[in-house]
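Notes for the one structure printed next.
Any read-out appearing in this document is the output of simple, stated calculations on the displayed coordinates, not a laboratory observation. Keep in mind the model is a prediction, meaning the values are calculated, not measured. As a convention, Cβ positions derive from the backbone with ideal geometry for all residues, glycine included, and neighbour counts pool all protein chains shown.
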Amino acid sequence: MSRTVFVAGNPEYGIASAIAQRWPKAEFASRSNGFDLTTDQGRHEFAEKSLGYDVVIFCSALWRFNQSVLVEQVWRTWSEKGKKGRLICLGSTADVGARASNWMYPVEKKSLRSLCQNLCWCATKGNGIGVTYLSMGYVQTPKTEEKHPGKKKLSTAYVVDLLDWVISQPPGLNVNSLSIDPVQEAPETPHQ
């Protein structure tokens with residue numbers, strides 16, 4: 001891959017680790033190397049630095065809607081500077097439906113999905129910033145293994161294959177969204 005890649009994520013964990021293995025020249029920003037993407041200053045520094053790259057991948061575990069705020073800030077910075085390239089946001093299939101719960105994770109992912117859908121429309125109007133929302137079910141990470149030991153999971157290498165496919169699309173084509181779930185074993189008593 002000849003495009004330059006900047007990643008919001010820790011290169012020693014999960015999907016970001018698989019990205020680092022696939023693309024050793026990719027650069028990363030997370031708390032592990034001094035970027036606090038939950039602050040205005042950290043997001044501003046990230047957005048400014050992102051101008052030097054062709055592709056930005058958002059796979060950091062940010063809560064309190066900080067991932068959506070970061071994506072919007074990068075998109076706005078690129079738009080104001082006339083920068084062209086691709087933004088790829090990793091979401092979750094937990095973003096669909098409603099639950100009787102105060103768990104914010106699915107609500108935050110719905111916010112990210114909605115923002116990406118809006119920004120995708122800007123891409124199709126010719127602003128030069130491709131935006132993709134990639135939602136996945138369970139992915140093999142230490143935390144997911146601990147929380148969901150019996151579930152089938154996507155490998156991080158497979159997720160990077162999907163990222164590579166999105167990045168390799170020709171100019172003039174935007175992959176708006178892609179949703180992938182590993183198929184689980186059927187329950188003994190299926191719901192009717």
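Gain on full extension, evaluated as 0.36 nm per residue between residue 158 and residue 21 minus their Cα-Cα distance, stands at 48.1 nm. Between 66, 174, 33, the Gaussian network model of the chain with springs among Cα atoms under 10 angstrom shows the greatest mean-square fluctuation at 33.
Listed by chain and number, the lysines placed with their C-alpha closer than 16 angstrom to that of residue 81 are 49; residues fewer than eight positions away on the same chain are left out. Of all aspartates and glutamates in the structure, those lying under 18 Å Cα to Cα from residue 83, and not within fewer than 8 positions of it along the same chain, are 45, 48, 54, 72. Positive contributions from Lys and Arg (+1) and negative ones from Asp and Glu (-1), summed over other residues with Cβ under 11 Å from the Cβ of residue 53, come out at +3. In summary, the aspartates and glutamates within cross-link reach of residue 151, defined as a Cα separation below 16 angstrom excluding same-chain residues under 8 places away, comprise 181, 185, 188.
DSSP loop (so not H, G, I, E, B), at most 13 other Cβ within 10 Å: list which GluC sites (Glu not before Pro) in region 135-192 pass both filters. Don't jump to the answer; show the numbers that get you there.
Details: sites: 145, 146, 185, 188; in loops: 185, 188.
Those satisfying the criteria are 185, 188.
Placing +1 on each Lys and Arg Cβ and -1 on each Asp and Glu Cβ, with no other charges, gives region 5-180 a dipole about its Cα centre of roughly 380 debye.
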